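*Asks:* Here it is, the structure, as structure tokens.
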Amino acid sequence: MTDTTYNGWRNHATWAIGLHLMDHVVETIAEDIEAWAANDDDNAAQLFRDLVDEQIELADLPNFGLLMDLLDTSDVDWLSLGRHALDAAGLPVLAFA
């Protein structure tokens, strides 16, 4: 079986988004930590999705072609990014299945 992980993350796309956006998401969570719970991984994951969508929109790229194919985010493990951000912000870690 081939190992398809990348630097400890599920794949390169997940790692790259975490590399570039993790600090911002952790800071956003930490600024209003009382509003978050350890099981808010879906909401934290949505922060990453929104930031990526915003960056793509700001780049003003056409909705087709090579660049959009390279920006395919369908393989991103959004939940693991969200869980990592919650943990890094100081929320207690829950056991995830």
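Rule-based calculations on the coordinates, nothing more; no lab input. A quick note: this is a predicted structure, and the numbers were derived from the prediction, not measured. Because the Cβ atoms are built from the backbone with ideal geometry, glycine has one as well, and the counts that use them run over all protein chains shown.
*Asks:* Compute the long axis of helix 41-59 from its Cα atoms, compare it with the longest principal axis of the Cα atoms of the chain, and write down the angle in degrees, 0 to 90, nearest 10.
*Replies:* Tilt of helix 41-59: around 30 degrees.
*Asks:* Separate question: Run the numbers for residue 51 and residue 34: contour at 0.36 nm per residue of separation, minus the present Cα-Cα distance, in nm. Please report the intermediate quantities before stating the final value.
*Replies:* Numbers: separation 17, 0.36 × 17 = 6.12 nm, distance 2.18 nm.
Extending this stretch completely gives an extra 3.9 nm.
*Asks:* Another question about this same structure. If you average the sequence gap of Cα pairs under 8 Å that are 6 or more apart and divide by the length of the range 12-88, what percent do you get for the contact order? Please report the intermediate quantities before stating the final value.
*Replies:* Working: 59 pairs, mean separation 40.9, N = 77.
Rounded, it is 53 percent for the range 12-88.
*Asks:* Run lengths n ≥ 4 of DSSP H only: what is the helix-derived mean residue ellipticity at 222 nm for the chain, with -39500 (n - 2.57) per run over all residues, to the nearest 500? Mind showing how you got there, number by number?
*Replies:* Working: 4 runs with 55 residues, N = 97.
So the calculated ellipticity at 222 nm is -18000 deg cm²/dmol.
*Asks:* Let me ask another. Give me a comma-separated list of calculated 3J(HN,Hα) values for the range 87-92, in order, Karplus coefficients 6.51, -1.76, 1.60 applied at θ = phi - 60°, integers in Hz, x for any Gly or Pro.
*Replies:* These are the phi-based 3J(HN,Hα) values: 5, 5, 7, x, 7, x Hz.
*Asks:* Under the 0.36 nm per residue contour assumption, what length would be gained going from the current alpha-carbon distance of residue 19 and residue 64 to full extension? Don't jump to the answer; show the numbers that get you there.
*Replies:* On the way: separation 45, 0.36 × 45 = 16.20 nm, distance 2.54 nm.
Result for the pair: 13.7 nm of gain on full extension.
*Asks:* Can you give me the angle between helix 12-31 and the longest principal axis of the chain, using Cα atoms only, in degrees from 0 to 90, rounded to the nearest 10?
*Replies:* 40 degrees
*Asks:* Output the peptides 36-44, 4-12, 64-72, 83-91 sorted from most to least packed, where packing is the average of other Cβ atoms within 10 Å over each peptide's residues. Before the final figure, lay out the partial values.
*Replies:* On the way: 36-44: 16.1, 4-12: 12.9, 64-72: 9.6, 83-91: 19.8.
By packing density, highest mean first, the sequence is 83-91, 36-44, 4-12, 64-72.
*Asks:* Sort the range 12-88 into rounded, prolate or oblate with this rule: let a ≥ b ≥ c be the square roots of the eigenvalues of the Cα gyration tensor; rounded if a/c is under 1.5, and if a/c is not under 1.5, prolate when a/b is larger than b/c, oblate otherwise. Before the final figure, lay out the partial values.
*Replies:* Details: a/c = 2.61, a/b = 2.01, b/c = 1.30.
Here the range 12-88 falls in the prolate category.
*Asks:* Using 0.36 nm per residue of separation minus the Cα-Cα distance, give me the extension gain between residue 73 and residue 12 in nm, one decimal.
*Replies:* Result: 20.9 nm gained on full extension.
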